[in-house]
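Colleague: Dropping the structure in here first, questions after.
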Amino acid sequence: MNDRNSVVPSSQPSTDDRVIGATKHPPAERYEFFKVVQRYLDQASKLAGIPEHVRVILSQPKAEIIVHFPVRMDNGEYRLFKGYRIQHNNILGPYKGGMRFHEDASLDDFKALAAMMTWKCALMGLPFGGGKGGIKFNPRDVSRGELSRVTRRFFHSLGSNIGPDYDIPAPDVGTNAQTMAWALDTYMNTVGTVSKTAMQGVVTGKPVSVGGTLGREKATGQGLVHAVRNWAERNKFDLSGKKLILQGFGNVGSNAAVLLSHLGVSLVAVGDHTGYFYNSEGFNSYRLKQYVEQHGSVQGYPNGSKISREEFFGVAADLFVPAALENQVGVQEAEALQVRLVAEGANGPCSPEGEEVLRRRGIDILPDVLANAGGVTVSYYEWVQNKRSENWTLEEVDDRLERAMTDAYERVEHFAETHHCDFRLACYGVALERLARAYVDREIFP
Ligand code: NAD
């Protein structure tokens, strides 16, 4: 029998059960990311005096979309993939948030990440809500052609569940500007419209050649550096000559490392999905970034010695930037860290237990909702430029981002001081106050 055209299930389970990845969530430590986010929501709602009905509405996503779609692989077989799009809230504007391609991704993660996008956009004062989605598979396991077909079929399956005024995806772990270019092209060619250019804003984080903005590629790292600078100013902490350890050297991590190096911060230890490396003299972040762009990981980069994950967390430094995945800093890692500040490039990198230890040890945390909000902020600038058919200069994007990050930092600082709480709850508090005002003014239909 010729089975070249038969549909074979992908290696992933076909249920939407939480899948426990070997690298991320060892079975003994089942991590329920969405519950963690819900707990912060409950605590911050109490602090900020958010009406109970608003808290309840925000405790669940508005929609959870799951699609299954076949893709022709290079060997002629068809593989069935499972894709997600969680639309958490849109009272402030279209759903907005990244698409993640990762083998450990789960419905629970996407729900947590979508909710965090709602808080992030509200905190930054953007006219967006929160969404997140992606596919549970490892994009490194497929060829470029297969990756293009997986992306295109996924966005085709989502159809009119996304749109420039409805739900606007962007890159996240395992996706990039190229992914967004395929998504844009698929959307423009399948959602019939007279004015195709009006559809450009359906995704952000696109290459500049197809309507992306200058400054988006580095935006999340740049925003993180503004947050770190604000923290350093308040704490009279001179960044020059300080040491950084960094987990995750993708879009967020690599740009953060390069931009921090401009402030005199030297990267002494770095890790990604292939392992951890140390250089007491400091890595050249710019050259490492070029190397990773060519080779796909930090593995094999000369000038570094291999260390274990445990050793990495114990390296003496001043700053730690987690920029990989959630739930990376538990109790053990928090006890091991020898830094003054953890600046969360990743979403949810510290477990609540890990965070408790950091707080007890006097290590400051710049929380994800603030520290990595530069990405969605510049995505908003991209969307506005698409709507107005404008092209802003890099200086204009950079200036606006710097002001937006500093304003947000000050709002969070003020909330933390007046409510005597940490920065994470303050981020939630500022965001929830804005969301609650919208709900109270509009009231609940009908
Ligand atoms: P990316 O795919 O560009 O990079 C991810 C990095 O994490 C890679 O270096 C990868 O090797 C590493 N990694 C993966 N699994 C790992 C593991 N088990 N241990 C150690 N390292 C591992 O992704 P990104 O866009 O840089 O996103 C990183 C984090 O930042 C995510 O939490 C994402 O949600 C968050 N974030 C991204 C953006 C953005 O604009 N891209 C914006 C806000 C927040």
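The values are calculated or read from the model by the stated rules, or taken from the named source; none is laboratory data. Fair warning: this is a prediction, and the values are worked out from it, not measured in the lab. A quick note on method: Cβ atoms are made from the backbone with ideal geometry, for glycine too, and the neighbour counts reach across all protein chains shown. Accessible surface areas use protein heavy atoms only, side chains included; no ligands, DNA or RNA. Shrake-Rupley method; radii C 1.70, N 1.55, O 1.52, S 1.80 Å.
Colleague: Using a 1.4 angstrom probe on the protein heavy atoms only, line up HIS102, HIS53 by accessible area, largest first.
Modeller: On the way: HIS102 30, HIS53 85 Å².
Largest to smallest exposure gives the sequence HIS53, HIS102.
Colleague: Moving on. Taking amide H atoms as placed 1.01 Å from N in the peptide plane, list the residues 5 or more away in sequence, or in a different chain, whose amide H sits under 5 Å from that of PHE81.
Modeller: PHE69, VAL71
Colleague: Give the carbon-plus-sulfur fraction of the accessible surface of the chain in %, rounded to a whole number; probe 1.4 Å, heavy atoms of protein chains only. Mind dumping the intermediate values first?
Modeller: Values: 9050 of 18380 Å².
The computed percentage sits at 49.
Colleague: Same structure again: At R0 = 51 Å, how high is the FRET efficiency between ARG309 and ARG388 if r is their beta carbon distance? Nearest 0.05 is fine.
Modeller: Numbers: r = 47 Å, r/R0 = 0.92.
After rounding to 0.05, the efficiency reads 0.65.
Colleague: Still on this structure, I have one more. What does the charge add up to near VAL268, with Lys and Arg as +1, Asp and Glu as -1, over the other residues with Cβ less than 11 Å from its Cβ? Please list the in-between numbers first.
Modeller: Working: positive: LYS242, LYS243; negative: GLU281, ASP318.
Overall, the nearby charge balance is 0.
Colleague: How large is the accessible surface per residue of segment 114-215, computed with a 1.4 Å probe and reported in Å² as a whole number?
Modeller: Per residue, segment 114-215 has 34 Å² of solvent-accessible surface.
Colleague: Pull up the cross-link candidates among the lysines for LYS96, meaning alpha carbon to alpha carbon under 18 Å and not fewer than 8 places away within one chain.
Modeller: Straight-distance partners of LYS96: LYS62, LYS111, LYS120, LYS132, LYS206, LYS387.
Colleague: Then there's this: State to the nearest 20 debye the size of the charge dipole of segment 219-371 about its Cα centre, where the only charges are +1 on K and R beta carbons and -1 on D and E beta carbons. Could the numbers behind the result be given before it?
Modeller: Values: 13 positive and 17 negative charges, 91 e Å.
For this selection, approximately 440 debye.
Colleague: Could you give me the ³J(HN,Hα) list for segment 68-75, computed from phi with Karplus coefficients 6.51, -1.76, 1.60 and θ = phi - 60°, whole Hz, x at Gly and Pro?
Modeller: Result, ordered by residue: 10, 8, x, 9, 6, 8, 4, 7 Hz.
Colleague: Just to verify a number: FRET efficiency for ASN176 and ARG30, C-beta to C-beta distance, R0 = 30 Å, to 0.05?
Modeller: Details: r = 30 Å, r/R0 = 1.01.
For R0 = 30 Å, the calculated efficiency reads 0.50.
Colleague: Determine the percent antiparallel among the DSSP beta bridges restricted to segment 219-371, to the nearest 5.
Modeller: Details: 8 of 24 bridges.
Around 35 percent antiparallel, to the nearest 5.
Colleague: Oh, and also: What residues have an amide H closer than 5 Å to that of ALA346, excluding those fewer than 5 places away on the same chain, when H is modeled at 1.01 Å from N in the peptide plane?
Modeller: Placed amide hydrogens put ALA323, ALA324 under 5 Å from ALA346.
Colleague: Rounded to the nearest 500, what is the 222 nm mean residue ellipticity of the chain from helices alone, with -39500 (n - 2.57) per DSSP H run of 4+ residues and division by all residues?
Modeller: Values: 15 runs with 194 residues, N = 446.
Helix-only estimate at 222 nm: -14000 deg cm²/dmol.
Colleague: Now for a separate question. Normalised by the number of residues in the chain, what is the relative contact order in percent for Cα pairs under 8 Å and 6+ residues apart? Walk me through the numbers on the way to the answer.
Modeller: Numbers: 901 pairs, mean separation 69.4, N = 446.
Over the chain, the number comes to 16 percent.
Colleague: Let me ask something additional. Each residue of segment 240-253 in order: what ³J(HN,Hα) in whole Hz does its phi give by Karplus 6.51 cos²θ - 1.76 cosθ + 1.60, θ = phi - 60°, with x for Gly and Pro?
Modeller: 4, x, 8, 10, 10, 10, 9, 10, x, 10, x, 4, 5, x
Colleague: Could you let me know the centre-to-centre spacing of segment 44-77 and segment 217-231, using Cα atoms, in angstrom?
Modeller: So the separation of the two Cα centres works out to 27 Å.
Colleague: Averaged across orientations, what area in nm² does the convex hull of the alpha carbons in the chain project?
Modeller: 22.4
Colleague: How many angstrom separate the Cα center of segment 112-134 from the Cα center of segment 376-440?
Modeller: For segment 112-134 versus segment 376-440, the Cα centre distance is 11 Å.
Colleague: Amide H of TYR276 versus every other amide H placed in the peptide plane: which residues, excluding those fewer than 5 positions away on the same chain, fall under 5 Å?
Modeller: Those qualifying (amide H under 5 Å, at least 5 residues apart or on another chain) are ILE307.
Colleague: Sticking with this one: Can you run phi through the Karplus equation (6.51, -1.76, 1.60; θ = phi - 60°) for segment 169-181 and list ³J(HN,Hα) in whole Hz, with x for Gly and Pro?
Modeller: x, 8, x, 8, 4, x, 10, 7, 4, 4, 4, 5, 5
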